[in-house]
Amino acid sequence: MKQFCLILTGVLMVLACSHEKKVTEKKKSPEAIIGMEKDTLSIDLDDTSLPHYHTLAAFSLNTNDYLIGYNDQTHALDVFDFTNGVVRDIKLYREGRQAVAGEINELYATSLDSIWILADKTVYLFDTAGIIHEKHELTVDEGEYIINTSNYSNASIRLYFNAHSQSMYYVTLKMGDEPIFYINEANLRQGKHKKIVLPYTGAEQGVGHLYGWMQHPNVTYHFPLVIYNFPFNSNVYTIDLHSGIVKTYGADSRYTRNTASETHSATMEDWYRHLIENVHFYEVNYDLYKKRYYRLHVNGIDFTTGMPIDKQFFKKQLFLTVFDQDFNVIDEFPLSNDTYNLNGGWGIFEKGFFIIKDHPNAESPDDDKMKYDIFRFG
C-alpha cells in the first residue's frame with residue numbers, strides 16, 4: 001500500500017509540473033448519433049414535495065424509475081416512483097435513536113431498501129420505512145475534511161457504495177498552496193480505511209484559489225474507475241482504483257470556451273462576476289444501460305451590474321456532451337433555453353438521461369407537478 005501511495009504521489013508531482021493551462025483536445029468517437037429523441041413527462045407533487053432537488057439519487061429497478069431527493073424544508077427523503085406516479089416521504093429525525101445529525105451532504109441508492117445518507121462525517125443506511133440499519137463514522141485524517149456535496153456552483157462530488165466489498169467511497173481535501181484531493185475507501189465490514197490521491201495537471205493549477213466558487217473537482221464512479229473533472233475546464237480524468245492508472249481525455253466544446261478565466265480577488269462581488277462570465281462544466285454521468293457517458297455544462301455570459309445574480313445565472317445556456325464507453329466524444333447538443341434548472345436535478349434512468357424542468361423563466365410553469373425530459377440517442 002505504501003508503494004502504491006508513493007507511485008500516485010509521483011504521478012501527482014509529474015502531472016503538476018506543467019503550468020501551461022491548455023485543455024486536451026477531444027478524440028472523435030467512431031460511433032454516430034442518428035438523432036436525439038426527447039420525452040417530456042411529469043409526476044404530481046403532494047403538499048410537501050418539491051419541483052426540484054439539489055441532493056438526489058436516481059435509479060431504475062424492475063422497469064420502474066425512482067428518484068429520492070432530500071427535502072431540506074421538511075428534513076425528509078421524498079421518494080418518487082415515476083413509473084407508477086406515486087410520491088411518498090421518509091421522515092428523518094434530528095434527535096433520538098433514529099436521528100440523522102448534521103447537514104445532509106449526499107445520497108446513494110440502488111434500491112428502495114438500501115438508501116445511504118452522508119451527514120457530515122457519518123453514513124446511515126435506511127430503508128423506506130425510515131429505519132436505520134447501519135451507522136458508520138467515516139475516517140478523516142488529520143488536516144483533511146470531507147467535501148462530498150451537491151453544491152453545483154462549487155462541484156458535484158458523489159458518494160459511492162460497493163455492495164460486493166461493502167466499501168464506501170468518499171472524497172477528502174487537504175488544503176494548502178496546492179490542494180490535495182483523496183478518494184477514501186472505508187471497508188464497513190472490516191473497519192479498514194485506505195485512500196489514494198486524485199492527481200491533476202498544469203491545466204488545473206490554481207484550483208481552490210483562482211477560480212472563485214469552482215473550488216473542487218466533480219467526482220463520479222463507474223467502478224473500478226473514478227471519473228473526475230474540474231468545473232473550470234473541459235478535461236476529463238479517470239483513475240483505476242485497482243491499478244492506479246490515471247488517464248486524461250479531451251472533452252472540449254465546439255459551442256463555448258473550454259477554460260474559465262482566473263480571478264485573483266476573494267470578494268463576493270468578484271466571485272459572482274466570475275460565476276456569470278465563465279463556463280462551468282458539471283460532473284460526468286455513466287449510463288450503464290447504453291454504455292455511454294453524459295456531461296452537461298453552461299456557457300459564460302456578460303455580467304450586468306445591478307441585476308440579481310440568480311436572474312443572470314439563469315440566462316446561461318445548457319449543453320449536453322455524449323461520450324462513448326472509451327470517453328471519445330460522439331456529439332454535443334445545445335439544449336433549450338429557459339427550460340432546465342442549472343443547479344442540478346439530472347441523472348440516469350434505464351429509459352435515458354433525464355433533466356428536471358424547473359427554470360424560473362419557463363413557459364407555463366406548474367407548481368403542482370415535477371416535469372422532466374428524458375433524452376435518448378439513436
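The values are calculated or read from the model by the stated rules, or taken from the named source; none is laboratory data. A quick note: this is a predicted structure, and the numbers were derived from the prediction, not measured. Heads up, the Cβs are rebuilt from the backbone with ideal geometry, glycines too, and the neighbour counts pull from every protein chain shown. These area figures cover heavy atoms from the full protein model, side chains too; ligands, DNA and RNA do not enter into them. Shrake-Rupley method; radii C 1.70, N 1.55, O 1.52, S 1.80 Å.
Numbers below:
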| quantity | calculated |
| --- | --- |
| Count - residues of the range 220-261 that are in contact with a Lys or Arg (Cβ under 7 Å, 6 or more places away or on another chain) and farther than 19 Å from R292 by Cβ | 1 |
| Any chance N154 is under 15 Å from V171 (Cα atoms) and open to solvent by less than 50 Å² (accessible area, probe 1.4 Å) | yes |
| All positions within the range 341-355 that are modelled with pLDDT under 95 and within 25 Å of D46 (Cβ to Cβ) | N341, N343, G344, G345 |
| Residue within the range 173-196 that is among the aliphatic types (A, V, I, L, M), touching a helix residue (DSSP H, G or I) at 6+ places or on another chain (Cβ under 7 Å) and under 22 Å from N229 (Cα atoms) present | yes |
| Strands (runs of 3 or more DSSP E) lying entirely in the range 99-149 (those with 3 or more residues that are free of Cβ contacts under 8 Å to residues at least 40 places away in the same chain and surrounded by fewer than 16 Cβ atoms within 10 Å (Cβ to Cβ)) | 132-137 |
| Count of the range 279-291 residues which are open to solvent by less than 30 Å² (accessible area, probe 1.4 Å) and touching a residue at least 60 places away in the same chain (Cβ under 8 Å) | 7 |
| Residue in the range 237-249 that is out of contact with any Ser or Thr (no Cβ under 7 Å at 6 or more places or on another chain), of a type in the set (K, R) and either assigned to a strand (DSSP E or B) or modelled with pLDDT of 95 or more (or both) present | no |
| Test for R254: is it assigned to a helix (DSSP H, G or I) and of a type in the set (K, R) | no |
| Residue under evaluation T48, criteria (1) in contact (Cβ under 8 Å) with a residue 12 or more places away in the chain; (2) within 21 Å of the chain's Cα centre (by Cα), criterion not met | (2) |
| Where a residue in the range 64-83 is under 18 Å from W346 (Cβ atoms) and its partner, wherever it lies, is among the hydroxyl-bearing types (S, T, Y), with Cβ under 6 Å and at least six apart | D65/T83; G69/Y53; Y70/T55; D78/S49 |
| Counted residues, the range 160-183 - those being of a type outside the set (F, W, Y), open to solvent by 20 Å² or more (accessible area, probe 1.4 Å) and in contact (Cβ under 8 Å) with a residue 40 or more places away in the chain | 3 |
| Matching entry among G212, G191 (being more than 29 Å from N328 (Cα to Cα) and touching a His at 6+ places or on another chain (Cβ under 6 Å)) | G212 |
| Subset of the range 221-252 (residues that are more than 14 Å from F327 (Cα to Cα), polar (S, T, N, Q) and in contact (Cβ under 8 Å) with a residue 40 or more places away in the chain) | N233 |
| Any hit, the range 245-262, residues being of a type in the set (A, V, I, L, M), open to solvent by 20 Å² or more (accessible area, probe 1.4 Å) and within 20 Å of I348 (Cα to Cα) | no |
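The rows are residues; the columns are (1) in contact with a Leu (Cβ under 7 Å, 6 or more places away or on another chain); (2) at negative phi.
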| position | (1), (2) |
| --- | --- |
| D47 | no, yes |
| L50 | no, yes |
| Y53 | no, yes |
| N62 | no, no |
| Y70 | yes, yes |
| A76 | yes, yes |
| G85 | no, no |
